[in-house]
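The values are calculated or read from the model by the stated rules, or taken from the named source; none is laboratory data. The structure presented is a predicted model; accordingly, all values stated were derived computationally and were not measured. Please note: Cβ atoms are built from the backbone with ideal geometry, for glycine as well, and neighbour counts cover all protein chains shown.
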Amino acid sequence: MDLQRTGSLVRPPSPMDSLEKQLSCPICLDMFTKPVVILPCQHNLCRSCASDLYDSRNPYRFSGGVFRCPTCRFEVVLDRHGVHGLQRNLLVENIIDIYKQQQEVSGGGKDENSLKPKESKEPKCQEHEDERINIYCKTCQTPTCSMCKVFGQHKDCEVAPLESVYQTQKSELGNAIDNLVASNGRLQSLLIQMEDACRAVQENAQRAKQGLAERFDLLYAVLEERKMVLLEQIGKEQDEKVATLRALSQRYGERLQASTDLTDSAVRALEQSGAAEFLVAAKGLITQTKDAAKGSMGEERPEPGFEKMDHFAVSTEHVEAVLAKMDFGSDDEDDFDDVEEEEEEE
């Protein structure tokens, strides 16, 4: 008896109950709110619920992120479009519409509040507390109730069904969000391009610096090599002239020593007291003395200015002018021509 009474009190689940359970979002636990998205694991979610969950766990969502299915924990890698990049499940949306129509036609079988999806939870009118807000005033652009349209402040306004305006504006907002996400994607692409351009500028600048340093190092090497050649020429002529002067100095020294010895001999002859002895030595000494005096007048001497090294002076003004004008993209030959023309004009 008890079992029969219990069985008569418990109503077995109907197919509509099972269908409503299948049409429930695992996040908000209410009936799906369109649009409905489907994950690769084949589970469905309200896009608004999925977007809120995704945004809370991916603060930098505009660069992509990971979304975990709340039903099976399957991880999905989303791009910069986030949840809006998921495919809509139009089949489930159509089933929801059919289900709502069937519930409206049947009008019973379950408590009215339990059948209401979350879209029907509108607030009450502030002017008419017992009236549910069910219309939209297009003139004032605000939701209101039927009593406000009939007797209240919106009686002369143009109104429309709340659900119709809701779906229209929700669709507009969804499209605006899609456009905004696409715009964010373009901005993200521009940011990436700017970062790539910055890296390219830095790399190209580094290569330009390296190339410039190599060119100047080559100039230094050429100048250093040329300097060594010129210094070698100066040193060679210096050695030759010094050797010539030292040879002349040695010859002059030898002649001076011989002349000094001859002078000493002549002085000793002058100091002799005997005329006969003086005359014997004087004839030869007189001849030698005269020849020595004449020989000193005809000795080889360096040419005037032999010691000068002015011919080794290098004119670098035109090179300095070219180096001062050196710039990027300039032609060295043109620079030399310009400098030569300036020198000719001067």
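Pairs are defined by a Cβ separation below 9 Å, a sequence spacing of at least 6 or placement on different chains, a first member in segment 187-205 that is within 24 Å of HIS81 (Cα to Cα), and a second member that is in a helix (DSSP H, G or I) and not basic (Lys, Arg); the pairs so defined are LEU187/PHE62; GLN188/PHE62; GLN188/SER63. Here is the figure for segment 214-259: residues that are surrounded by 11 or more Cβ atoms within 10 Å (Cβ to Cβ), farther than 27 Å from PRO304 by Cα and of a type in the set (Phe, Trp, Tyr) total 1. If you filter segment 106-147 down to residues that are of a type in the set (Ser, Thr, Tyr) and in a strand (DSSP E or B), you find that the one that is modelled with the lowest pLDDT is THR144.
Here is a yes/no grid of residues against (1) of a type in the set (A, V, I, L, M, F, W, C); (2) touching a strand residue (DSSP E or B) at 6+ places or on another chain (Cβ under 9 Å); (3) not assigned by TED's automatic domain parsing to the domain that holds GLY85:
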position	(1), (2), (3)
CYS157	yes, yes, yes
SER183	no, no, yes
ILE192	yes, no, yes
CYS198	yes, no, yes
ALA208	yes, no, yes
GLN233	no, no, yes
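Summed over segment 69-80, the residues that are in a loop (DSSP other than H, G, I, E, B) and either touching a Phe, Trp or Tyr at 6+ places or on another chain (Cβ under 9 Å) or at positive phi (or both) give a count of 2. Of the listed requirements (1) among the small types (Gly, Ala, Ser); (2) out of contact with any Leu (no Cβ under 6 Å at 6 or more places or on another chain); (3) surrounded by 10 or more Cβ atoms within 10 Å (Cβ to Cβ), ALA292 misses just one: (2).
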